[in-house]
Every structure is written in C-alpha cells, then in structure tokens.
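One structure below.
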Amino acid sequence: MYSISPHQKLLEAITNLSDQKISLVLQFISSLETPVSNYQTPPKTVLERMGGYPKFLLINVITSLISDIIKKLQISITLGRFSSLISIRYLINN
C-alpha cells in the first residue's frame, strides 16, 4: 500500500487554502522557528506595577500566622503534659 509522506500531505492541504490562510500558516511556521527567548514577557500585574503588597498587610499576616502557631504549640504542650500526667497516675495506681 502506498503511504503519503507528511510533507506531501501538507502540500496537498495547502493547495486548497486561500491566500489569507496560507499567510497564517506561514506565520505559524515562522513562530515555530523563533527561539523562546525572543518572546515578550507577560505584562506586569497591577500589584507588581504598584510595587508589590503593602508592607503593613504582610506584617499583619505574619503576626497572625505566628500567633496561630504559638496557640497550636501551647495546646500541644498542654495535651502532652496532660497525657504524661495520666500515664504517671496510671503507673502509681497500678
């Protein structure tokens, strides 16, 4: 059975296209040949243009995160002491 090469398939497909579509195909092919370093970087976000997050927001977030961590540590220390007290009482009673 005769198989058509991809090159031949492309040539046959192009013969049926209009000039406008052929120019689009050529633009696409040239974009494949363009190195990635030549592409434009995406535009900056509004936040990046304004200089980033306001510092007072970051400080408030960090402060609340630290207080949450401290609360969790206090709860785990309390629970740890409670469990050690229970195990000591168990050992004393038995």
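Within the range 49-63, if we keep just the residues that are at pLDDT 80 or above and not in a helix (DSSP H, G or I), the residue that is surrounded by the most Cβ atoms within 10 Å (Cβ to Cβ) turns out to be Met50.
Scan Ile86, Ile70, Ile77, Ile92 and give me the residue that is part of a helix (DSSP H, G or I) and at pLDDT 75 or above.
Values: Ile86 fails: at pLDDT 75 or above; Ile77 fails: at pLDDT 75 or above; Ile92 fails: at pLDDT 75 or above.
Checking each option against the conditions leaves just Ile70.
The values are calculated or read from the model by the stated rules, or taken from the named source; none is laboratory data. In this text the structure is predicted, and so the values were computed from the model without any measurement. Cβ coordinates were reconstructed from backbone atoms using ideal geometry, including for glycine residues, and neighbour counts include every protein chain displayed.
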